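*Asks:* Next up is a structure, given as structure tokens.
The values are calculated or read from the model by the stated rules, or taken from the named source; none is laboratory data. These numbers were taken from a predicted model, which means no experiment stands behind them. So basically every Cβ, Gly included, is an ideal-geometry build from the backbone, and we count neighbours across all protein chains shown.
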Amino acid sequence: MKKPERITIAGAGLVGSLLSVYLGKRGHQVHLIERRPDSRRTSVYQGRSINLALSDRGWRALEEVEADQAVREIAIPMKRRVMHDAQGKLTYQDYGKEGQAIYSVSRGLLNQRLLDLAEELPNVRMSFGQRVLSVDQEKAQVVIEEDGNGERTIEADWLFGADGAFSQVRSSMMGNHRFSYEQQFIDHGYKELSIPAAEDGSFQLEKEALHIWPRGEHMLIALPNPDGTFTCTLFFPYEGPESFESLDTVDKARAFFEEEFPDALELMPHFDKEWAENPNSALCNIRCYPWVNGSTALIGDSAHAIVPFYGQGMNSGFEDCRVLAAILDEEEDWSEAMQIYQRERKASGDAIAELAMRNFIEMRDLTADPEFLLRKKIEARVNEKFPDVWTPLYSMVTFSHTPYEEALRIGKIHDRIMADVMCREDIENMWDSPEVMAAVLENAERHL
Ligand SMILES: Cc1cc2nc3c(=O)[nH]c(=O)nc-3n(C[C@H](O)[C@H](O)[C@H](O)COP(=O)(O)OP(=O)(O)OC[C@H]3O[C@@H](n4cnc5c(N)ncnc54)[C@H](O)[C@@H]3O)c2cc1C
């Protein structure tokens, strides 16, 4: 199939808007269709204005279309995790080496910057308040419902479904022969809360950090915003003794926070209102395949929605755009290129979904566990001494472009090696002895 002239992208979220910049720069006539109003003109994020952690994969995808500068202006580096225990005692863990950080960005602001960049391209058109109702995958045709103006059909040569976890484009694929689909809601959901800036506008917690209150079955996190506020997210079970269901009044929720997160609650003057008014939102993993059929393909969350615990959902969606463009540079036949795209990215999507579930457990249960912290310390030291042999899994996922599936494979080998090391006698005192370092190195050289 030759290069399509007219491309429709359903969904102007993070991935759809970045994809429109990529495809616009490649010379296609792009039509971006979004069901919500234009967020630059009306507020569409009430109670769900989440912050995202942007890391190297996302930055690289932005850099390739020169979108990084506009995003840097709204991003705050987070150089380390700050863990808060129930007594308010703090422990620290650097994310990476000197100079490495993940970046806090508001989803709304990031989306707006990407829309501005797309709008600068003369061959990118945008329509807001237009919901895709149905799809003809062979003809790349969509029927849309325009706010107040009935239905109309939009024709194109190719269609991308970038319409998120509950994609309408993907729904149209559900009836396709041999289309596989799996949707798994986890027991936890999330609620947004906030910590305002101090009266003088300063940050009330360390600014350049991701704050975590790990408590086993539940966890609170806080990410900084440029205006001195923190956006907090409580990850919490829907049901059970301590759950959204059991904390069914603001008074019960407040009492629970006084017990579990007293230092955070002290900084939350709007807690009662936010608890009552902000929704409890569900979290799920979605897997499906194939992502390409006829003249239609899925990208971003519509192809591979994941739980947010590795901070990689958007990063992996941005990487989809970059990898797709790289494949199109090499392969002229568009149909063939799309086959390569879906094969490569499906493997990556499955791997990051697994990694995200593993990190859920790690953040919830282990960031407060002394054995886990010791293991991280040993790994960091091994990495410092033998950087060519050992890169910690978190760094591979967050600060490298190693395919997720390769990072997962290596991470599993690390687990086996570290399980041996942690069984050693007196490891608490011997952790950076030449003997321990040599044992790790020898195993790593043998197995990696
Ligand atoms: C609590 C939470 C925290 C997260 N934290 C991180 C993080 O730290 N780092 C990270 O990388 N990722 C994170 N993510 C994941 C990230 O938000 C998603 O991966 C990312 O938003 C996916 O982008 P997308 O464009 O594919 O989908 P979306 O952002 O969902 O965009 C889809 C767009 O399509 C539109 N749409 C839907 N249906 C239709 C239709 N029928 N017609 C027209 N338009 C339609 C929607 O209105 C929306 O604008 C987090 C997610 C959650 C829930």
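*Asks:* Going by the conditions given, is Asn225 within 16 Å of the ligand (Cβ to nearest atom) and over 24 Å from Met83 (Cα atoms)?
*Replies:* Considered against the rule, which asks whether it is within 16 Å of the ligand (Cβ to nearest atom) and over 24 Å from Met83 (Cα atoms), Asn225 comes out as no.
*Asks:* Restricting the search to region 230-250, which residues are more than 20 Å from Glu277 (Cβ to Cβ) and either away from the ligand (no atom under 16 Å from the Cβ) or part of a loop (DSSP other than H, G, I, E, B) (or both)?
*Replies:* Residues satisfying the conditions are Glu239, Gly240, Pro241, Glu242.
*Asks:* Could you name every one of the strands (runs of 3 or more DSSP E) located completely within region 131-229 that has at least 2 residues being surrounded by fewer than 22 Cβ atoms within 10 Å (Cβ to Cβ) and touching a residue at least 12 places away in the same chain (Cβ under 8 Å)?
*Replies:* In region 131-229, 141-146, 150-154, 180-195, 209-215 are the strands (runs of 3 or more DSSP E) which contain 2 or more residues that are surrounded by fewer than 22 Cβ atoms within 10 Å (Cβ to Cβ) and touching a residue at least 12 places away in the same chain (Cβ under 8 Å).
Residues checked against (1) among the small types (Gly, Ala, Ser); (2) within 14 Å of the ligand (Cβ to nearest atom); (3) over 21 Å from the mean Cα position of the chain (by Cα):
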residue: Val142; (1), (2), (3): no, yes, yes
residue: Asp147; (1), (2), (3): no, yes, yes
residue: Asp157; (1), (2), (3): no, no, yes
residue: Ser167; (1), (2), (3): yes, yes, no
residue: Ser172; (1), (2), (3): yes, yes, yes
residue: Leu210; (1), (2), (3): no, yes, no
residue: Trp213; (1), (2), (3): no, no, no
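*Asks:* Take region 291-336 and flag every residue that is under 17 Å from Gln183 (Cα atoms) and over 15 Å from the mean Cα position of the chain (by Cα).
*Replies:* Trp291, Leu298 - these are the residues of region 291-336 that are under 17 Å from Gln183 (Cα atoms) and over 15 Å from the mean Cα position of the chain (by Cα).
*Asks:* Pairs under 8 Å by beta carbon, first residue within 22 Å of Phe261 (Cβ to Cβ) in region 87-100, partner modelled with pLDDT of 90 or more and not in a strand (DSSP E or B), six or more apart or different chains?
*Replies:* Short answer, once both residue conditions are applied: Gly88/Pro262; Gly88/Asp263; Thr91/Asp85.
*Asks:* Restricting attention to region 103-161, which residues are β-branched (Val, Ile, Thr) and touching a His at 6+ places or on another chain (Cβ under 9 Å)?
*Replies:* If the condition is that a residue be β-branched (Val, Ile, Thr) and touching a His at 6+ places or on another chain (Cβ under 9 Å), then Val124, Ile154 are the ones that fit.
*Asks:* Can I ask one more? Testing Ile306 on (1) in a helix (DSSP H, G or I); (2) within 12 Å of the ligand (Cβ to nearest atom), one condition comes back false. Which one is that?
*Replies:* Among (1) in a helix (DSSP H, G or I); (2) within 12 Å of the ligand (Cβ to nearest atom), Ile306 violates only (1).
*Asks:* Here is a further query. Whether any residue in region 108-123 is of a type in the set (S, T, N, Q) and farther than 19 Å from Ser39 by Cα is what I want to check.
*Replies:* Checked region 108-123: at least one residue is of a type in the set (S, T, N, Q) and farther than 19 Å from Ser39 by Cα.
*Asks:* Restricting attention to region 107-136, which residues are more than 14 Å from the ligand (Cβ to nearest atom), in contact with a Gly (Cβ under 7 Å, 6 or more places away or on another chain) and not β-branched (Val, Ile, Thr)?
*Replies:* Answer for region 107-136, where residues must be more than 14 Å from the ligand (Cβ to nearest atom), in contact with a Gly (Cβ under 7 Å, 6 or more places away or on another chain) and not β-branched (Val, Ile, Thr): Leu121, Asn123.
*Asks:* Quick one: is Arg287 in contact with an Asp or Glu (Cβ under 6 Å, 6 or more places away or on another chain), in contact (Cβ under 8 Å) with a residue 24 or more places away in the chain and part of a strand (DSSP E or B)?
*Replies:* So Arg287 fits the description; yes.
*Asks:* Further, regarding this structure: Determine which single condition Ser281 fails, assuming it passes every other condition in (1) within 9 Å of the ligand (Cβ to nearest atom); (2) in contact with an Asp or Glu (Cβ under 6 Å, 6 or more places away or on another chain).
*Replies:* Going through the list (1) within 9 Å of the ligand (Cβ to nearest atom); (2) in contact with an Asp or Glu (Cβ under 6 Å, 6 or more places away or on another chain), Ser281 breaks only (2).
*Asks:* When region 314-329 is examined, which residues are found to be within 9 Å of the ligand (Cβ to nearest atom) and either without any contact (Cβ under 8 Å) to a residue 60 or more places away in the chain or of a type in the set (A, V, I, L, M) (or both)?
*Replies:* Let us first name the residues in region 314-329 that are within 9 Å of the ligand (Cβ to nearest atom), namely 314-318, 320.
Listed by number, the list holds a single entry, Met314.
Here's the yes/no breakdown for (1) within 13 Å of Glu217 (Cβ to Cβ); (2) surrounded by 14 or more Cβ atoms within 10 Å (Cβ to Cβ):
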residue: Phe235; (1), (2): yes, yes
residue: Glu245; (1), (2): no, no
residue: Lys252; (1), (2): no, no
residue: Asn285; (1), (2): no, yes
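*Asks:* Scan region 102-115 and report the pairs whose first residue is at pLDDT 95 or above and whose second residue is part of a helix (DSSP H, G or I) and of a type in the set (A, V, I, L, M, F, W, C), with Cβ atoms within less than 6 Å and a gap of 6+ or a chain change.
*Replies:* Asn111/Leu14; Arg113/Ala70; Arg113/Val71; Leu114/Leu18
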